[in-house]
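Let me begin by handing over the structure; questions about it come next.
The values are calculated or read from the model by the stated rules, or taken from the named source; none is laboratory data. It should be emphasised that the depicted structure is a prediction, and the values quoted were computed from it without experimental measurement. Counting neighbours? That spans all protein chains shown, and the Cβs are built from the backbone with ideal geometry, glycine included.
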Amino acid sequence: MSAPRIVQNLIERITTNVENVILGKRQVIQQTLIALLCEGHLLIEDVPGLGKTMLARSIARSIGCDFSRIQFTPDMLPSDVTGVSVYNQKTQEFQFRPGPIFAQIVLADEINRATPKTQAALLEAMEERQVTVDGMTYAMSRPFLVLATQNPIEYEGTFPLPEAQVDRFIMRTHLGYPDKSHEIAILDSQIDHHPIDDISQVVSAEELTNAQEAVKTIYMDEQVKSYIVSLTSATRDHSDVYLGASPRGSLALFKTSRAYAASQGRDYVLPDDVKRLAVPTLAHRLIISPSARIKSVDPATVVKEIVNTVAVPGTRAQRSSAQ
């Protein structure tokens with residue numbers, strides 16, 4: 001089976017399985033899986049009660065991965081996330097007790113309720129796939145995905161995520177309210193038990209890591225790469241933007257576009273793939289200028305405007321000899 005077919009098959013199996021719990025949110029489920037295929041992390045920004053925790057648990061069960069949920073609070077310490085070294089009197093040595101970050105899928109619930117010091121405890125794990133405690137470095141297991149949630153409504157007792165941490169999330173998405181028919185279906189599905197109890201493993205962690213490697217073989221034409229850089233560069237020059245997307249944003253769009261192309265069964269990336277993922281991949285990286293904030297300018301609107309104005313290049317039909 002070709003690399004794109006491997007990825008497409010895996011995405012379809014997991015999505016179909018998770019849809020037994022998360023109804024009517026196929027696009028969000030697939031965006032979560034794209035982040036997982038890119039070995040990235042996802043920020044879900046939405047109000048409580050929309051199924052963010054159930055989404056993370058369903059995906060973890062579908063791929064047979066360890067799942068951990070961290071409920072962030074203002075009094076939480078960094079060691080509550082990473083773990084702590086404890087002195088063992090019998091061996092007269094310090095032993096490391098891993099924290100909840102040492103799981104393959106980690107739900108960082110209401111991450112903006114923790115203090116900046118505790119939020120920073122996630123930075124090394126998210127970027128370098130390791131945690132350093134008392135001078136000792138401990139590697140994270142593969143696959144490793146942080147699903148962080150934050151409530152955009154409640155501002156009291158919250159600490160906004162610093163730009164450096166927001167930038168480490170490969171995408172930001174929103175679940176949103178279900179429509180009426182899906183909300184009725186949610187009621188019907190929980191008459192006597194929760195559908196999460198019926199979720200079973202449909203792929204192995206090894207299959208997922210193979211799919212992650214398969215994504216890296218997807219071809220992207222030089223002109224599409226130039227198009228990605230043109231989009232991110234345009235965010236830096238936009239009149240309503242104080243700080244645009246960094247090269248990490250270009251790299252994120254590069255990775256997610258390849259993963260999306262593979263999920264569609266293609267071994268090459270189209271400009272439309274880049275367009276489709278530009279908003280969830282770039283919008284959260286922009287800092288809107290104070291004058292634009294007064295006018296309620298939204299980062300997603302800025303990215304959409306840029307996508308509509310930056311010229312889409314024509315791609316060559318075949319790879320060049322240098323590829």
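Given the criterion in contact with a Pro (Cβ under 7 Å, 6 or more places away or on another chain) and in the same structural domain as ILE184 (by TED's automatic domain parsing), identify the matching residue among GLU45, GLU19.
Details: GLU19 fails: in contact with a Pro (Cβ under 7 Å, 6 or more places away or on another chain).
Testing whether each residue is in contact with a Pro (Cβ under 7 Å, 6 or more places away or on another chain) and in the same structural domain as ILE184 (by TED's automatic domain parsing) leaves just GLU45.
Among (1) in contact with a Lys or Arg (Cβ under 8 Å, 6 or more places away or on another chain); (2) at pLDDT below 90; (3) closer than 25 Å to LEU161 by Cα, where does GLN130 come up short?
(1)
Just to be sure, is PRO160 surrounded by 15 or more Cβ atoms within 10 Å (Cβ to Cβ), assigned by TED's automatic domain parsing to the domain that holds ALA60 and not in a strand (DSSP E or B)?
Numbers: surrounded by 15 or more Cβ atoms within 10 Å (Cβ to Cβ): no; assigned by TED's automatic domain parsing to the domain that holds ALA60: yes; not in a strand (DSSP E or B): yes.
Criteria not met by PRO160.
Can you go through PRO152, PRO48, PRO116, PRO74 and tell me which one is surrounded by fewer than 17 Cβ atoms within 10 Å (Cβ to Cβ) and either of a type in the set (D, E, K, R) or in contact with a Leu (Cβ under 9 Å, 6 or more places away or on another chain) (or both)?
PRO116
Output the residue which, of all residues in the range 195-225 that are without any contact (Cβ under 8 Å) to a residue 40 or more places away in the chain and either outside any helix (DSSP H, G or I) or touching a helix residue (DSSP H, G or I) at 6+ places or on another chain (Cβ under 9 Å) (or both), is surrounded by the fewest Cβ atoms within 10 Å (Cβ to Cβ).
Keep residues of the range 195-225 that are without any contact (Cβ under 8 Å) to a residue 40 or more places away in the chain, which gives 197, 206, 213, 225.
Right, trim to either outside any helix (DSSP H, G or I) or touching a helix residue (DSSP H, G or I) at 6+ places or on another chain (Cβ under 9 Å) (or both) and you get 213, 225.
Working: GLU213: 12, LYS225: 17.
Residue satisfying both the conditions and the ranking: GLU213.
Out of all the residues in the range 278-299, is one or more under 18 Å from THR217 (Cα atoms), surrounded by 15 or more Cβ atoms within 10 Å (Cβ to Cβ) and touching a residue at least 40 places away in the same chain (Cβ under 8 Å)?
Filtering the range 278-299 down to residues under 18 Å from THR217 (Cα atoms) leaves none.
No, the range 278-299 contains no residue that is under 18 Å from THR217 (Cα atoms), surrounded by 15 or more Cβ atoms within 10 Å (Cβ to Cβ) and touching a residue at least 40 places away in the same chain (Cβ under 8 Å).
If you don't mind, another one. Which of (1) surrounded by 13 or more Cβ atoms within 10 Å (Cβ to Cβ); (2) not in a helix (DSSP H, G or I) is the odd one out, the single condition SER239 does not satisfy?
Single failed check for SER239: (1).
Which of the residues belonging to the range 1-25 are under 18 Å from LEU175 (Cα atoms) and assigned to a helix (DSSP H, G or I)? Before the answer, list the steps.
Of the range 1-25, the ones under 18 Å from LEU175 (Cα atoms) are 14-25.
Within the range 1-25, ILE14, THR15, THR16, ASN17, VAL18 meet the criteria.
Consider VAL106 carefully, then state whether it is part of a strand (DSSP E or B), buried (at least 18 other Cβ atoms within 10 Å of the Cβ), at pLDDT 85 or above and on the phi < 0 side of the Ramachandran plot.
On the way: part of a strand (DSSP E or B): yes; buried (at least 18 other Cβ atoms within 10 Å of the Cβ): yes; at pLDDT 85 or above: yes; on the phi < 0 side of the Ramachandran plot: yes.
Criteria met by VAL106.
Still on this model: Out of ALA262, ALA234, which single residue is more than 22 Å from the chain's Cα centre (by Cα), assigned to a helix (DSSP H, G or I), crowded, with 18+ Cβ neighbours inside 10 Å and not assigned by TED's automatic domain parsing to the domain that holds ALA164?
Numbers: ALA262 fails: more than 22 Å from the chain's Cα centre (by Cα).
Going through ALA262, ALA234 in turn, just one is more than 22 Å from the chain's Cα centre (by Cα), assigned to a helix (DSSP H, G or I), crowded, with 18+ Cβ neighbours inside 10 Å and not assigned by TED's automatic domain parsing to the domain that holds ALA164: ALA234.
Yes/no matrix, rows are residues, columns are (1) part of a strand (DSSP E or B); (2) small (Gly, Ala, Ser); (3) surrounded by fewer than 23 Cβ atoms within 10 Å (Cβ to Cβ):
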residue	(1), (2), (3)
ILE34	no, no, no
THR53	no, no, yes
ALA56	no, yes, no
ILE59	no, no, no
ILE70	yes, no, no
TYR87	yes, no, yes
ILE101	no, no, no
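Only residues in the range 151-178 that are more than 18 Å from ASP75 (Cβ to Cβ) and hydrophobic (A, V, I, L, M, F, W, C) count as the first member; pair them with residues that are surrounded by fewer than 17 Cβ atoms within 10 Å (Cβ to Cβ) and at pLDDT below 85, Cβ under 6 angstrom, at least 6 apart or cross-chain, and list the lot.
ILE153/VAL47
Then there's this: Test GLY99 against the criterion of being in contact with a Pro (Cβ under 8 Å, 6 or more places away or on another chain) and within 30 Å of GLU213 (Cβ to Cβ), and give yes or no. Step through it out loud before you land on a result.
Values: in contact with a Pro (Cβ under 8 Å, 6 or more places away or on another chain): no; within 30 Å of GLU213 (Cβ to Cβ): yes.
The answer is no for GLY99.
Looking at this structure, is VAL131 over 21 Å from GLY64 (Cβ atoms) and surrounded by 21 or more Cβ atoms within 10 Å (Cβ to Cβ)?
Details: over 21 Å from GLY64 (Cβ atoms): yes; surrounded by 21 or more Cβ atoms within 10 Å (Cβ to Cβ): yes.
Taking the combined requirement at face value, the residue satisfies it.
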